[in-house]
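The values are calculated or read from the model by the stated rules, or taken from the named source; none is laboratory data. These numbers were taken from a predicted model, which means no experiment stands behind them. For neighbour counting, all protein chains shown are included, and Cβ atoms are generated from backbone atoms with ideal geometry for every residue, glycine included.
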Amino acid sequence: MLNALTILWCAHAALALIFVAPMVWLARLRVRWSWWEALAFLMPFSAWASLMLGDWVKRPKSMGNLGEFWLVSIAIVVAFAIRVLLGGRSDGVGARVILLATATAAAAGVYLMTPMWPE
């Protein structure tokens with residue numbers, strides 16, 4: 001199971017990184033990036049995977065729902081885009097925390113709002 005999650009995380013991170021890397025590169029003079037903002041690639045996926053595999057929330061899910069990870073990747077891209085747009089005005093810790101909280105909340109929302117997909 002750990003190998004499958006690692007492969008899913010790599011696919012999820014690569015999909016998001018394709019769009020996030022150019023944003024970070026082009027906004028590097030406008031936005032001050034911190035190393036811990038890279039947690040935006042790990043925290044949302046961890047939240048989604050723990051909801052998917054755990055028994056905390058009882059929702060019928062199937063193996064087809066493993067395809068939800070691309071929705072989590074889109075949430076990360078949107079969160080980074082918001083960070084770039086707000087970056088010039090607010091370079092404080094608040095904008096960085098909002099980036100992580102938004103992406104993680106969106107991942108939990110993906111799990112909670114997506115119905116069971118066919119396998």
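Could you identify the single residue in A11, A16 that is among the small types (G, A, S), without any contact (Cβ under 8 Å) to a residue 60 or more places away in the chain and surrounded by 12 or more Cβ atoms within 10 Å (Cβ to Cβ)?
Criteria check complete, one pass: A11.
Step by step: first the residues of segment 60-84, then only those that are exposed (fewer than 14 other Cβ atoms within 10 Å of the Cβ) and modelled with pLDDT under 85, then the one that is nearest to L99 (Cα to Cα). Which residue is that?
G67
Matching residues to (1) farther than 20 Å from L2 by Cα; (2) modelled with pLDDT under 90; (3) of a type in the set (A, V, I, L, M):
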| residue | (1), (2), (3) |
| --- | --- |
| R32 | yes, yes, no |
| W36 | yes, yes, no |
| A49 | no, yes, yes |
| K58 | yes, yes, no |
| G87 | yes, yes, no |
| Y111 | no, yes, no |
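Do any residues in segment 94-110 that are closer than 22 Å to N65 by Cβ and among the polar types (S, T, N, Q) have Cβ atoms under 7 Å from those of residues that are modelled with pLDDT of 90 or more and buried (at least 22 other Cβ atoms within 10 Å of the Cβ), where the two are at least six apart or on different chains, and which pairs are they?
T104/P44
Can you find a residue in segment 30-39 that is of a type in the set (K, R), buried (at least 17 other Cβ atoms within 10 Å of the Cβ) and on the phi < 0 side of the Ramachandran plot?
Checked segment 30-39: no residue is of a type in the set (K, R), buried (at least 17 other Cβ atoms within 10 Å of the Cβ) and on the phi < 0 side of the Ramachandran plot.
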